[in-house]
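Let me begin by presenting the structure, written as structure tokens, before commenting on it.
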Amino acid sequence: MINLFFYKTDLGKMGIASSGNTITNLYFEREQIPQDAVIYETEIIKEAGQQLQSYLSGRLKDFSLPLAPAGTEFMLHVWESLRAIPYGETRSYQEIAQTIGNIRASRAVGLANKRNPIPIIIPCHRVIGANGKLTGYGGGLQIKLYLLELEKQYANP
């Protein structure tokens, strides 16, 4: 069973979903949510909501939540690599491809990034183009820029 609960944030209304004791998804306001989700704030969702609010206020730099994103083995490998990008830093798609041991996988890394079901917590916003420019983001480029600026502001207090 998928439980889902919504929180008001500086980025708008966001939904956090769980299955059992793991976080499975984070939804931006305009994203479609599963029809079979039960609106219920479980303890793990409550903890995720508190950590998300702490992150957005600059007090939390590393999430410590049990995650269970659904994806292929390759996607899971990419998402794990994204979690290793330090707060306040960025990497290019090519650098992530190198990290996972497949220098030619930049486009596949981009696709995995696009399909990240737990944005922010799995920080796909920290991945930018090789030329340093912002590239697509599920929540929109404005939110990606907001998150990068937030991290830059609080990276070295």
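The values are calculated or read from the model by the stated rules, or taken from the named source; none is laboratory data. Computed from a predicted model, the values in this text were never measured in an experiment. Cβ placement follows ideal geometry from the backbone for every residue including glycine, while neighbour counts extend to all protein chains displayed.
Is it the case, given these coordinates, that Y27 is loosely packed, with under 15 Cβ neighbours inside 10 Å, touching a strand residue (DSSP E or B) at 6+ places or on another chain (Cβ under 9 Å) and free of Cβ contacts under 8 Å to residues at least 40 places away in the same chain? Spelling it out, it is not the case that Y27 is loosely packed, with under 15 Cβ neighbours inside 10 Å, touching a strand residue (DSSP E or B) at 6+ places or on another chain (Cβ under 9 Å) and free of Cβ contacts under 8 Å to residues at least 40 places away in the same chain. Checking each residue in the range 141-153 for being surrounded by fewer than 16 Cβ atoms within 10 Å (Cβ to Cβ) and in contact (Cβ under 8 Å) with a residue 24 or more places away in the chain picks out K152, Q153. Residue selection: L67 fails the criterion of being at pLDDT 95 or above and under 26 Å from N156 (Cα atoms). Of the candidates L111, L147, L134, L141, the single residue that is modelled with pLDDT of 95 or more and not assigned by TED's automatic domain parsing to the domain that holds I16 is L147. Of the residues making up the range 30-64, those that are within 14 Å of the chain's Cα centre (by Cα) and buried (at least 17 other Cβ atoms within 10 Å of the Cβ) are A48, G49, Q51, L52, Y55, L56, F63.
Assessment of the range 113-134 against the conditions (in contact with a Ser or Thr (Cβ under 8 Å, 6 or more places away or on another chain), over 26 Å from S19 (Cβ atoms) and part of a helix (DSSP H, G or I)) yields no matching residue.
One residue stands out among those in the range 107-138 that are crowded, with 18+ Cβ neighbours inside 10 Å and free of Cβ contacts under 8 Å to residues at least 24 places away in the same chain: the one that is nearest to the chain's Cα centre (by Cα), which is H125. The single residue among I96, I103, I85 that is without any contact (Cβ under 8 Å) to a residue 12 or more places away in the chain and more than 15 Å from I23 (Cβ to Cβ) turns out to be I103. When each of G110, G129, G136 is tested for being within 24 Å of D10 (Cα to Cα) and small (G, A, S), the lone residue that passes is G136.
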